[in-house]
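Okay, structure first, notes after.
The values are calculated or read from the model by the stated rules, or taken from the named source; none is laboratory data. No experiment lies behind these values; they were computed from the predicted model shown. Every residue, glycine as well, gets a Cβ built from its backbone with ideal geometry; the counts of neighbours run over all protein chains shown.
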Amino acid sequence: MIPYFYILGSKTERPVSCRTIFTDGAPDATFRPDIDMELSHWIPNTTPDVYKADTSTEICMKFISQNDTDGWDLAINNHVDVDGILAVFTLIHSEKAMMHRDTIIQAAEMGDFSGWGDRAAQILYQGLTVLMDDLKAEKMDTQHVYETCFKRALSLLEGRVDDARVAQGMEALKRSSERVESGSIIRRELHNRFAHYHIPFVFVGTSLAKTLKVPAFNEEIKDDMWLHPQVRNRLDKEKVQLVSAEAEQGWYYDVWYPGYMWADTPHSWRAPGFTFSGSTNGYMYGYEPLETAVRTLQELETANGTWTLAHKLSPFSSINGRNFPIVLSFLSENSQPAASDLPPERVVPILASAFE
């Protein structure tokens with residue numbers, strides 16, 4: 001275990017360090033290349049190849065499983081999110097982290113990638129998310145946010161839950177999953193890199209907002225979506241996912257890329273079209289087969305609106321009017337979701353073929 005940690009931006013005193021690990025965030029100007037180490041999946045990074053993994057938390061798990069941490073005396077991060085909290089937690093509470101390795105890694109994936117997690121991971125993710133959101137709203141110093149979250153993580157890992165929002169989030173995921181399992185929301189795998197989910201009118205007519213919502217990065221899970229991305233990623237994590245929704249006036253469409261695409265994820269399929277922009281975790285997007293498919297759809301389209309492709313992406317931004325990781329939507333002239341006249345039986349094969 002590493003004895004001390006510090007969160008950049010905190011007003012608390014930063015400990016003096018002989019050897020520092022910077023995790024899940026870009027190092028600051030104090031980074032000493034010949035002394036310190038970066039353990040992060042942010043892009044760009046200098047994480048040693050031997051430790052690379054999809055989340056910073058798993059990178060830290062690999063580091064502590066392969067090394068004696070003697071001599072390393074400080075872990076540093078620069079922001080508050082679940083993967084960041086759990087990466088530092090892994091370095092500070094190494095023995096406990098290794099005991100709950102899979103749960104902690106899944107919770108980190110839920111935070112950074114909207115990944116699926118089992119029951120224990122859902123408890124940990126939701127419990128930390130609602131707590132950190134509360135503490136940030138109170139403007140608590142980030143160092144103290146981490147300290148408080150570490151205490152809560154230890155409790156959550158033992159199954160102790162005292163916040164009703166944890167159970168509410170888990171119930172929302174359960175209902176979302178049941179809609180797919182029962183066939184109420186239709187899932188179809190076109191090939192090994194493309195899946196189609198269709199939300200019928202019975203749901204759309206009840207709540208368009210729950211149909212079209214795109215959750216923010218590391219957002220608390222609520223009963224505010226018919227189909228949560230975590231549920232889609234349970235079966236189709238490494239696929240492009242087309243979500244269609246039937247309305248009275250036509251069909252809504254979003255194409256979702258894998259939620260992990262913004263990060264350095266060597267263990268997962270890299271969907272085509274992302275080019276690093278040179279800015280931290282920023283990308284330019286361009287993929288000719290999809291661009292060709294979009295031109296075809298636009299030529300066929302008779303509704304007022306435009307098939308709109310993303311050109312710049314980050315974990316927090318995509319097409320104006322939608323959010324990451326959506327790369328294509330049918331939008332109105334004021335960048336709001338609009339109903340297309342094209343039915344899924346025409347749209348699906350055109351888009352699926354772009355990724356074969």
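A few comments on the model shown:
- Filter pass, Val231 being over 30 Å from Leu91 (Cβ atoms) and in contact with a Leu (Cβ under 7 Å, 6 or more places away or on another chain): yes
- Answer from Gln106, Gln122 - the residue that is without any contact (Cβ under 8 Å) to a residue 24 or more places away in the chain and either buried (at least 24 other Cβ atoms within 10 Å of the Cβ) or assigned to a helix (DSSP H, G or I) (or both): Gln106
- Hey, Asp162 in a helix (DSSP H, G or I) and more than 22 Å from Trp226 (Cβ to Cβ) or not: no
- Scope the stretch 297-339; condition under 21 Å from Phe274 (Cβ atoms), within 24 Å of the chain's Cα centre (by Cα) and not in a loop (DSSP other than H, G, I, E, B); matching residues: Thr308, Leu309, Lys312, Leu313, Ser314, Ser317, Ile326, Val327, Leu328, Ser329
- Failed condition for Gly71, given (1) buried (at least 24 other Cβ atoms within 10 Å of the Cβ); (2) touching a Cys at 6+ places or on another chain (Cβ under 8 Å); (3) in contact (Cβ under 8 Å) with a residue 40 or more places away in the chain: (1)
- Scope the stretch 340-354; condition more than 27 Å from the chain's Cα centre (by Cα), in a loop (DSSP other than H, G, I, E, B) and surrounded by 19 or more Cβ atoms within 10 Å (Cβ to Cβ); matching residues: Leu342
- Sole exception among (1) surrounded by 17 or more Cβ atoms within 10 Å (Cβ to Cβ); (2) in a loop (DSSP other than H, G, I, E, B) for Arg187, by number: (2)
- Thr47 vs. criteria assigned to a loop (DSSP other than H, G, I, E, B) and either over 21 Å from the mean Cα position of the chain (by Cα) or not assigned by TED's automatic domain parsing to the domain that holds Gln143 (or both): no
- Hits in the stretch 165-184 (condition: of a type in the set (Asp, Glu) and either within 21 Å of the chain's Cα centre (by Cα) or part of a loop (DSSP other than H, G, I, E, B) (or both)): Glu171
- Inter-residue pairs, beta-carbon under 6 Å, first assigned by TED's automatic domain parsing to the domain that holds Ala107 and in the stretch 131-153, second among the aromatic types (Phe, Trp, Tyr), 6+ apart: Phe150/Phe89; Ala153/Phe89
- Pick from the stretch 299-338, criterion in contact (Cβ under 8 Å) with a residue 24 or more places away in the chain and of a type in the set (D, E, K, R), ranking: farthest from Lys237 (Cα to Cα): Glu333
- The number of residues in the stretch 256-294 that are aliphatic (A, V, I, L, M) and without any contact (Cβ under 8 Å) to a residue 60 or more places away in the chain comes to 2.
- For beta carbons closer than 6 Å, sequence separation of 6+ or different chains, a first residue in the stretch 4-32 that is touching a residue at least 12 places away in the same chain (Cβ under 8 Å) and a second that is surrounded by fewer than 13 Cβ atoms within 10 Å (Cβ to Cβ) and β-branched (Val, Ile, Thr), the qualifying pairs are Arg19/Ile35.
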